[in-house]
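Read the structure below first, then the notes.
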Amino acid sequence: MGSSTAYWLSENPDYDENILVIEPDPTYAQSSTALSEASIRHQFSQPVNIKLSMFATEFFSNFHDSVQVNGEAPELPFRETGYLFLATNDGMENLINNHEIQKECGAEVALLSPSEIRKRFPYMKIDDLEGGSLGIKHEGTLDAFSLMQGFKLRARHNGVEYLNNRVVSINIDENKNLVKEVKLDSGEILSCSRVINCAGPRAKWIAEMAGLELPVEPRIRAAFLFDCREVLGGQTLPLTIDPSGVHVRTDPPYFLAGAPPTDDVEVDPNDFKVRDEEWQENIWPVLAQRIPAFEKIKVISSWAGHYAYNTLDQNAIIGNCEKLSNFFFCNGFSGHGFQQSPGIGRGLSELITYGEYRSLDLTELNYDRILKNEPFLEKAVI
Ligand SMILES: Cc1cc2nc3c(=O)[nH]c(=O)nc-3n(C[C@H](O)[C@H](O)[C@H](O)COP(=O)(O)OP(=O)(O)OC[C@H]3O[C@@H](n4cnc5c(N)ncnc54)[C@H](O)[C@@H]3O)c2cc1C
């Protein structure tokens with residue numbers, strides 16, 4: 001998010017101030033971005049989320065030209081698999097409502113009956129299902145690190161500076177209600193005309209430094225890579241979301257699965273421990289039940305990262321607030337920040353440069369709703 005915003009600001013000829021990205025870990029090893037499953041879908045319940053992903057599709061297809069430096073850019077191949085949301089009777093109303101909203105926005109999606117699911121994916125057990133929603137186009141997997149590198153290389157080429165340091169406090173001009181300085185771990189104090197909080201799962205501590213509350217907390221999300229020798233018949237497995245919340249996708253030649261943990265609570269941002277019992281007790285049994293070929297599988301590796309989990313409504317929080325007009329939020333992406341990064345960076349660059357959104361209106365994602373405790377709920381979350 002930091003590099004995307006820096007990219008968009010530095011590409012905008014109407015923005016002429018210096019841009020500095022402060023990053024304590026230039027390897028990004030523990031960032032959500034590096035640990036992401038890096039997939040994109042158009043199946044959301046909120047039009048603004050659908051449109052953000054549609055813009056990402058457009059951006060990804062022009063990626064090379066948009067970020068190239070002297071004709072070179074990271075590769076960003078797209079593996080188009082679709083997402084398949086499965087529903088029991090309980091989930092059908094939600095599935096159908098979301099489908100209608102997605103169609104209105106122009107998403108290429110199809111509602112499938114259980115027999116249609118069986119026909120396309122004969123390896124799946126469907127006894128308990130009432131239907132499914134399948135993304136026909138533009139949904140699948142890319143590479144989050146390459147996307148970030150593309151933004152970063154081009155931003156640096158445009159003059160953006162990257163500083164290996166950590167923000168430890170923020171000084172406010174109390175008379176003007178403006179941020180005036182940030183203090184770094186090294187002791188250095190930098191004056192600034194604005195601050196953008198792109199600290200991912202640690203965002204609430206940056207907000208706290210500015211005296212602002214942010215309902216975003218680090219929550220663990222693990223990914224399990226496994227091998228299955230049996231060949232699945234029918235079409236390739238889409239990124240499938242079981243009604244239980246377990247999801248699985250291909251990661252050739254393997255498969256990748258995950259789920260929200262049973263005890264989904266805030267964790268220490270330095271806690272990257274994979275909860276193996278989640279796999280044994282909650283994920284594998286569901287996979288084996290849904291796809292009997294997954295009864296015999298072998299876990300190859302696993303890792304855990306953090307969602308920057310917005311406890312109010314699991315949606316992004318974007319923009320500034322009245323109390324501190326030069327402090328900007330870019331937070332709370334929960335499980336969909338990879339795909340939202342092009343549209344969010346573009347939106348923030350417009351808001352900062354022109355005082356308004358000019359391409360896609362992101363007002364619904366503002367900080368005001370947090371103050372008013374008015375959730376802007378996304379019903380299709382993973
Ligand atoms: C397992 C997993 C699977 C996911 N799958 C998907 C998916 O399929 N599709 C999707 O769209 N999204 C997915 N996401 C979510 C997505 O990865 C995130 O929303 C996105 O990467 C967030 O980017 P970010 O820049 O906000 O945060 P990060 O990538 O975490 O970057 C935040 C940066 O802030 C820095 N920072 C922290 N504190 C400070 C400080 N005090 N001073 C300066 N810098 C600081 C950190 O070092 C870090 O580099 C997934 C996430 C996880 C964990």
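Read the figures in this text as sums done on the coordinates, not as results from a lab. Not measured: the values here are computed from a predicted model. When we count neighbours, we look across all protein chains shown, and the Cβ atoms used for this are built from the backbone with ideal geometry, even at glycine.
A compact table of results
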item	result
Ellipticity estimate at 222 nm from DSSP helix runs (n ≥ 4, -39,500 (n - 2.57)) divided over the chain, nearest 500	-7500 deg cm²/dmol
Sites Asp264 and Gln289 - FRET efficiency at Förster radius 22 Å, r taken between beta-carbons, to 0.05	0.55
Degrees separating the helix 92-104 axis from the principal Cα axis of the chain, which is the longest one	60 degrees
Amide H contacts of Asn366 (H built 1.01 Å from N, under 5 Å, at least 5 apart or other chain)	Ile318
Check: the range 63-137 dipole with +1 on Lys, Arg Cβ and -1 on Asp, Glu Cβ, in debye	320 debye
Magnitude of the charge dipole, the chain, Cβ model with Lys/Arg +1 and Asp/Glu -1, debye to 20	580 debye
Total charge dipole magnitude, the range 1-45, about the Cα centre, Cβ charges on Lys, Arg, Asp, Glu only, Debye to nearest 20	300 debye
Full-stretch length increase - Ile300, Ser193 - with 0.36 nm per residue and alpha-carbon distance subtracted	33.7 nm
Fewest-first ranking of Cys198, Cys192, using other Cβ atoms within 10 Å as the exposure measure	Cys192, Cys198
Surrounding net charge for Gly82, when Lys and Arg each add one and Asp and Glu each subtract one, Cβ distance under 11 Å	+2
The range 197-267: GluC sites (Glu not before Pro) falling in loop per DSSP and having at most 15 other Cβ within 10 Å	Glu213, Glu230
Amide hydrogen neighbours beyond the local backbone of Leu112, cut-off 5 Å, H modeled	Gly132, Ser133, Leu134
Charge tally in the Cβ shell below 15 Å around Ser39, where Lys, Arg are +1 and Asp, Glu are -1, Ser39 excluded	0
Antiparallel content of DSSP bridges confined to the chain, in %, to 5	85 percent
Local electrostatic count at Glu217 - Lys and Arg +1, Asp and Glu -1, tallied over other residues with Cβ under 15 Å	-4
Paramagnetic reach from Asn177 in the range 318-339 [backbone N under 17 Å; point 7 Å along Cα→Cβ]	319-329
Estimated FRET transfer efficiency (Asn164, Lys323; beta-carbon r; R0 25 Å; 0.05)	0.25
Approximate spin-label separation Glu93-Glu213, in nm, with each point projected 7 Å along Cα-to-Cβ	3.1 nm
Sequence-separation-based contact order of the range 1-155, relative, with Cα cut under 8 Å and 6+ spacing, percent	36 percent
Degrees between helix 47-61 axis and first principal axis of the chain (Cα, 0 to 90, nearest 10)	90 degrees
Computed E for Trp205/Asp127 - FRET, C-beta separation, R0 35 angstrom, nearest 0.05	0.15
Backbone HN-Hα couplings from phi across the range 192-205 [Karplus 6.51/-1.76/1.60, Hz, Gly and Pro as x]	7, 8, 6, 10, 10, 8, 10, 8, x, x, 9, 4, 5, 6
